[in-house]
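Report on the following structure.
Since every read-out is calculated from the coordinates, none of them should be taken as a lab result. None of the values given here were measured: they were computed from a predicted structure. Neighbour counts are summed over all protein chains in view; Cβ atoms, including those assigned to glycine, are modelled from backbone coordinates with ideal geometry.
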Amino acid sequence: MAWIRWSRSVGVTLLALVAVVATACGSSGGNTPTQTLNRSGTITIWHGYEGTYLDAKKAIYDAYTKQYPNVTINLVHKPNLTDAVTAAAGAGQGPDIVAWVDDQIGKWVKLEAIKPMDAYVSRDYMTSQFTSAAVDAATFEGKTYGMPEAVEAITIIYNKKLITSSQIPKTTDGLVSFAKTYSQSNPGSYGVVWNPKDAYFQAPWIYGSGGFYVKADGSVGLNSSGTKAGFNYVASFKGAMPAGVDYGIADTLFKEGKAAMIINGPWSVADYVKAGVDYGYATLPVVQASGKAASPFVGVKTLMLGAYSTNPALAVDVMKFFSNSTNQTNMVLTTREIPANKLALADPKVQAIPDIAGFGAQVKNGVPLPNTPFMSALWDPVAKALEAVWTGKQSVDDALRDAQTAAEKNVAQLK
C-alpha cells in the first residue's frame, strides 16, 4: 500500500502550530481505567510520516515533552513499516506505538504485535472524542487497539493553472480520452498521473467495477469479472502515463506542472502547497460500465499500542495528547487532513478548509478499508499482478489467475 503514508511555506504556520500545541490542555484528557500513569520514561513511535506532513506531527510530540520534560519521545521512520512491525513481533520486540492505517490491525492482533488498550482508555472516552467510523476502525473483535488520527481516501487533485474544473471528465472513459489527448497536445506532459502498480491506488476502479480484493470470511475476488474490469481499465492508460511511473514520479510531475491532475491522498497536500501548486479537487469519475462511482478505500490512520511496550499507560497518554481536539484542529490547519476527532472536525476553522471539503466529498463514495487480517494477504499478490500487467509481462487474465492462487494461499496461512 502506498500510504506515505497519510504550500505556502510552512515556516510561519509551523511556528504558530508549535506555540499552540504547547499550550494545549495540560492533561491528555480522559481517565485511565485500571492503570497508574507515571509521566516519565521513553516512548518509541514507528511511523511512515515524511516531509511537511512529519513536521506537523512532530510539533505535537515536541509539545508533549516540553510539558512533561521527564518523557522522551523517539520518532523512528520505517520505510517498510508493515514488514518491520511483523518481523519485530516475531522476535518478541517492537515499539511502544505504531502509527499506521487500520487495515493491519487484524493481522497484527493475530501476530501479537499490538495489544488492546481497554485497560488504559474507556469506550466512553473513545466515542466522546472520535467519529463512529473511526472508533469502529480501531476496534477488532470487540477490543480497542488504537487511537484514531485521521480519515483518508484518494481523490483527483488538479492544477488550476493547467485545466479548469469543467474540463475534468465525469466518467472513466472520458478520463482515458482526456489523458491521451492532453499528452498529444502537450508533449512531455500528462493529463493525469498516479501509481498504477499499487493495490491501494487501484481500489477505486476495481470496487467501482463491482470487483473486490477479499471479504471478511477470507473469500478472494481477484478472478472476478469486476476485478478484471478494473485491471483492464488501469492497463488502458499505457502510453498516457510514463512507462516507469510510480508514486514518486507521479508526485514530481504534478509538483513541476507537468501533469494536469494527480490521484493522491491528503498526505500529499502540504507538499503541493509548499511547491506553490494552485490546486483544486474533483471526485473520481463514474465507472462507465457499472454506472457506479469509482470507490477508493477509506482508511483511518491510527496510533496503535505496541504489544511489547514497557510503559503502556504512558504510551496511551501520549496518544490522547496527540489526538485531542485542540492539537488535531491545529495540526490539520497545516496538513489539510480530515481529523478523526469529531470535535476537531466540527471546528469552524476546520470546516472552512477547502481540502477538508475536497477529500470529504470523495470519502462519501468510498468503501471501508478492512481491518481483517486477510487484507494483509492481498497487497503483495495484487501489486505483483499490476506490475506484470503494466509492464506487459502478463495479460490481465493470466496475472489475476496467478494472484488469486497466491492470495488464497496467503489467506489459508492466516486461518
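With each run of n ≥ 4 DSSP H residues scored as -39500 (n - 2.57), what mean residue ellipticity at 222 nm is computed for the chain after dividing by its residue count and rounding to the nearest 500 deg cm²/dmol?
Dividing the helical sum by the residues of the chain leaves -13000 deg cm²/dmol.
HN-Hα J couplings of region 410-415 from phi, Karplus 6.51/-1.76/1.60, θ = phi - 60°, integer Hz, Gly and Pro as x?
Running phi through 6.51 cos²θ - 1.76 cosθ + 1.60 with θ = phi - 60° gives 5, 4, 4, 5, 8, 7 Hz.
How large is ³J(HN,Hα), in whole Hz, for each residue of region 54-71 in order, when computed from phi with the Karplus curve 6.51 cos²θ - 1.76 cosθ + 1.60 and θ = phi - 60°, using x for Gly and Pro?
Going residue by residue, I get 5, 4, 5, 6, 4, 4, 5, 5, 5, 5, 5, 5, 5, 6, 10, x, 7, 10 Hz, with x marking Gly and Pro.
Which percent, nearest 5, of DSSP beta bridges in the chain are antiparallel?
65
Roughly how many nanometres apart are two label points built 7 Å out from the Cα toward the Cβ at Ser128 and Lys143?
Between Ser128 and Lys143, the label points sit 2.4 nm apart.
Is there a pair in Lys160/Lys197; Lys197/Lys393; Lys66/Lys320; Lys57/Lys255; Lys58/Lys107 whose C-alpha atoms are over 25 Å apart, and which pairs would that be?
From the list (Lys160/Lys197; Lys197/Lys393; Lys66/Lys320; Lys57/Lys255; Lys58/Lys107), the Cα-Cα distance tops 25 Å for Lys160/Lys197; Lys58/Lys107.
Enumerate the calculated ³J(HN,Hα) couplings along region 193-203 in order (Karplus 6.51 cos²θ - 1.76 cosθ + 1.60, θ = phi - 60°), each rounded to whole Hz, writing x wherever the residue is Gly or Pro.
Values, residue by residue: 9, 6, 8, x, 10, 10, 4, 4, 6, 9, 3 Hz.
Round to a whole angstrom and tell me the spacing of the C-alpha centers of region 50-117 and region 318-363.
21
Sort 284-297, 173-186 by the packing proxy (mean of other Cβ within 10 Å over each peptide's residues), most packed first.
284-297, 173-186
If the cut-off is a Cα-Cα distance under 12 Å, which aspartates and glutamates reach Lys143, setting aside same-chain residues fewer than 8 apart in sequence?
Cα-Cα hits under 12 Å: Asp118.
Give me the number: length gained by fully extending Ala412 to Val76, i.e. 0.36 nm times residue separation minus the C-alpha to C-alpha distance, one decimal in nm.
Additional length available on full extension: 117.7 nm.
In whole Å, how far is the Cα centre of region 201-258 from that of region 173-189?
One Cα centre to the other: 18 Å.
Could you check the spin-label model distance between Asn223 and Lys274? Points 7 Å from the Cα along Cα→Cβ, value in nm.
It is 4.6 nm.
When we measure straight from the Cα of Lys342, which aspartates and glutamates land under 13 angstrom away, once same-chain ones fewer than 8 places off are left out?
Straight-line reach from Lys342, under 13 Å: Glu149.
Between Lys349 and Thr164, what is the label-point separation in nm under the 7 Å Cα-to-beta-carbon projection?
Simple spin-label model gives 3.5 nm for this pair.
Distance cut-off 23 Å, Cα to Cα: go down the list Lys228/Lys384; Lys364/Lys409; Lys170/Lys215; Lys274/Lys349; Lys292/Lys349; Lys238/Lys364 and report the pairs above it. It would help to have the intermediate numbers written out before the result.
Values: Lys228/Lys384 15 Å; Lys364/Lys409 33 Å; Lys170/Lys215 29 Å; Lys274/Lys349 20 Å; Lys292/Lys349 33 Å; Lys238/Lys364 29 Å.
Beyond 23 Å: Lys364/Lys409; Lys170/Lys215; Lys292/Lys349; Lys238/Lys364.
Once the piece of chain linking Asn38 and Thr65 is laid out straight, how much longer is it, given 0.36 nm per residue of separation minus the C-alpha distance between them?
8.4 nm
For a protection proxy built on the mean count of beta-carbon atoms within 10 angstrom, sort 85-96, 46-57, 196-207 highest first, please.
So the order, starting with the most tightly packed, is 196-207, 46-57, 85-96.
Once the piece of chain linking Asn186 and Lys292 is laid out straight, how much longer is it, given 0.36 nm per residue of separation minus the C-alpha distance between them?
35.1 nm
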